[in-house]
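Below is one structure, written out as structure tokens; the observations come after it.
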Amino acid sequence: MPSRKFADGEVVRGRWPGSSLYYEVEILSHDSSSQLYTVKYKDGTELELKENDIKPLTSFRQRKSGSTSSSPSRRRGSRSRSRSRSPGRPPRGSRRSASASHQANVKEARKEVLAVKLTPLILKPFGNSISRYNGEPEPIKRNDMPPKHTQEQFHLSQESSYVPTQHSLRPRREEIKLKELDSKEEKLVTKVPASLRTFEVTPSPMKDLEFGGVPGVFLIMLGLPVFLFLLLLMCRQRDPSLLNFPPHLPALYDLWETRVFGVYLLWFFIQALFYLLPIGKVVEGMPLIDGRRLKYRLNGFYAFILTSAVVGTSLFWGVELSYVYSHFLQFALAATVFAVVLSVYLYAHSLKAPRSELSPASSGNAVYDFFIGRELNPRIGTFDLKYFCELRPGLIGWVVINLVMLLAEMKVQGRTAPSLAMILVNSFQLLYVVDALWNEEALLTTMDIIHDGFGFMLAFGDLVWVPFIYSFQAFYLVNHPNEVSWPVASLIIVLKLCGYVIFRCANSQKNAFRKNPSDPKLAHLKIIHTSTGKSLLVSGWWGFVRHPNYLGDLIMALAWSLPCGFNHILPYFYVIYFTMLLVHREARDERHCKKKYGVAWEKYCQRVPYRIFPYVY
Ligand code: NDP
């Protein structure tokens, strides 16, 4: 058994990760397999340190002045002028200039940041918790610079203790390599140092499984398709009241049409072709666990324009889009079959994937992983299957289905123009889809891309649920007209715009911040630093509630349903379902963020107590 130098309970000095600064710590335990000590700083922060980063108290000269603060965070918080006597600091009489010594310190600190391993630890629910260190507990204003005389100290402590931006700590050699890679094809990926990666990918232990674990996901996988067909059948009834349940069930063979499946495949492959077109900017995604950053081409909006041109031309040549309406259930079945086959393929594909490419949500259980997705970013060459499915066939398909319903409404109801209700639903949802495609890059920081794998959940959600359930209001209006007056329409439009402004501003603020934390446009916002190198916004939209984007999305969802009137609850299914989805999603995200950011996240929750609805929830 390898020997250990320090005993539990011993008081020593531990190096602050990424710096040359040593602070008094107590040894809590030692892990013989990883050879890491768990230590506790005076401010309660617990970290794992290597033996080399721990020194006995006797190896330090005691400071006489009381200016040394006893904990790293308190010290940074006070931004004291005094400098800790770290072993790396040159003696006072050194002939090197102050700036040269500062640069040397910074250089050394950078080297150390890259070497330090901040092992993510599980946050335990009670008192003696071990958490990832979450740097700066007090929110600071990013443009809140220290007074001139303390600037050198501030810079040193900032650079050495945090990873403020992802690029600032990249070694030059690597930067040059990255530039070379950037200039090559998009299939190449870039690497970032281990200390800058978002979070460790360790498959979730069985006890942490979401969605009710294995039985839960099994029921969801069986139940969702059944539920979808029941809803569509209900909506087709002349009286879609819930009292008319169950609807008349067609035979399964009536629902299957090979030609419909062929049309669906054609649609899917046309979208794939548009995705492959070498137009649009190529950007990098968030860093992965192995340090790579995948590249993504942003051409969703172009795909939408091209699709509109194809649909417009088809209409011009007399192609009957009403075929989609009259075979709506068959299309839903074709999409479901496709999503299931794709999920099987994705699971099989993931079996060849190295562990580093598995999603942090995967568990090792076949059923659960089939649902949540085992592999994070399955690709065929440069073709990213998840990224493609998230915004293209389903989302653009939703808009086309809405258009089909608009034409069907005119045909079925013998109208010369679509109803105001149908126009409102179509335009609101068109705005939503165009917005998502225009801001395609924002997808790269969402849970779907950075956390969930690509399995049945997203395949079914993206390819079936979105186009066939989100178009539900338009489908409903075809056979259940609702006349909306202009004053009522104006109120609904105002509601929709309010929701949209909240949704868009919140998402854009977070994306701009994640893209460039030192963006001068965001300099007025307050933030909390975390040890991962990322910070959390605590003012602006993200200081209003913890998920302002969900709030905006839900307000918009209500505005989509209101044009359908109040005769039936069915068109409100989307709002009810979406509220449940986002409340559940918020809880999932909360759990992930607590794990990622520990104490800093708890501080954020204290400062911003409401999750989605101010003063309610
Ligand atoms: P978010 O875009 O809200 O992303 C959550 C992540 O944001 C967190 O994990 C965290 O990641 C980061 N974050 C959280 N709080 C802060 C903060 N204070 N400061 C900075 N970063 C923070 O969640 P989703 O991916 O769920 O949603 C994206 C959008 O998609 C939303 O607008 C949502 O409404 C919409 N949506 C729509 C659906 C639909 O069916 N129509 C379904 C699901 C979502 P990190 O710190 O790692 O960056």
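Readers should treat all values here as calculations from the given coordinates under stated rules, not as data from a laboratory. Note that the structure is a prediction, hence the values are computed from the model and not measured. Here Cβ is always computed from backbone atoms with ideal geometry, including for glycine, and neighbour counts include all displayed protein chains.
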Check: Can you give me the relative contact order of the stretch 257-319 as a percent, contacts being Cα pairs under 8 Å and 6 or more apart?
Finding: 26
Notebook entry, point to check: What are the ³J(HN,Hα) values, in whole Hz, obtained from phi via the Karplus relation 6.51 cos²θ - 1.76 cosθ + 1.60 with θ = phi - 60°, for each residue of the stretch 376-389 in sequence order, with x given for Gly and Pro?
Noted result: 6, 10, x, 9, 10, x, 8, 7, 8, 5, 5, 4, 5, 5
Notebook entry, point to check: Going by the alpha-carbon gyration tensor, a ≥ b ≥ c the square roots of its eigenvalues, is the stretch 406-503 rounded (a/c under 1.5) or, if a/c is not under 1.5, prolate (a/b greater than b/c) versus oblate?
Noted result: oblate
Checklist line | Neighbour-count ranking [beta-carbon atoms within 10 angstrom, fewest first] of S490, S359 | finding: S490, S359
Item checked: Relative contact order computed over the stretch 508-617 (Cα-Cα under 8 Å; 6+ residues apart), in percent -> 32
Next item on the list: Convert each backbone phi in the stretch 22-28 into a coupling constant with the Karplus relation 6.51 cos²θ - 1.76 cosθ + 1.60 (shift: θ = phi - 60°), then list the ³J(HN,Hα) values in order as whole Hz, x for Gly and Pro.
Entry: 10, 10, 5, 9, 10, 6, 9
Notebook entry, point to check: Near the amide H of S29, under 5 Å away, which other amide H atoms are found, from residues 5 or more places off or on another chain, if H is placed in the peptide plane?
Noted result: T38
Check: For Y22, which sequence-distant residues (separation of 5 or more, or a different chain) have an amide H within less than 5 Å of its own amide H, given hydrogens modelled in the peptide plane?
Finding: W16
Item checked: Separation of alpha-carbon centers, the stretch 330-344 and the stretch 231-260, rounded to whole Å -> 18
Next item on the list: Going by C-beta contacts inside 10 Å, put S356, S363 in order with the fewest on the left.
Entry: S356, S363
Notebook entry, point to check: Over the stretch 339-420, what is the mean sequence separation of C-alpha contacts under 8 Å (at least six apart), divided by residue count, expressed as relative contact order in percent?
Noted result: 19
Margin query: Can you give me the long-range amide H partners of R292? Hydrogens built in the peptide plane at 1.01 Å from N, cutoff under 5 Å, separation of 5 or more residues or another chain.
Written below: V192
Check: So, by mean Cβ neighbours within 10 angstrom, what's the order for 48-56, 272-280 with the highest one leading?
Finding: 48-56, 272-280
Notebook entry, point to check: Modelled label-to-label distance, F316 and A7, 7 Å Cα→beta-carbon offset: nm?
Noted result: 8.7
Check: So for C389, C498, C235, C593, fewest C-beta neighbours within 10 Å to most, what's the order?
Finding: C498, C593, C235, C389
Next item on the list: Please turn the phi angles of the stretch 288-299 into ³J(HN,Hα) values with the Karplus equation 6.51 cos²θ - 1.76 cosθ + 1.60 (θ = phi - 60°), one per residue in order, whole Hz, x for glycine and proline.
Entry: 8, 4, 8, x, 7, 10, 6, 9, 10, 8, 9, 9
Item checked: Entries in K386/K521; K5/K40; K510/K594 that, when Cα-Cα distance is taken, lie over 24 Å -> K386/K521
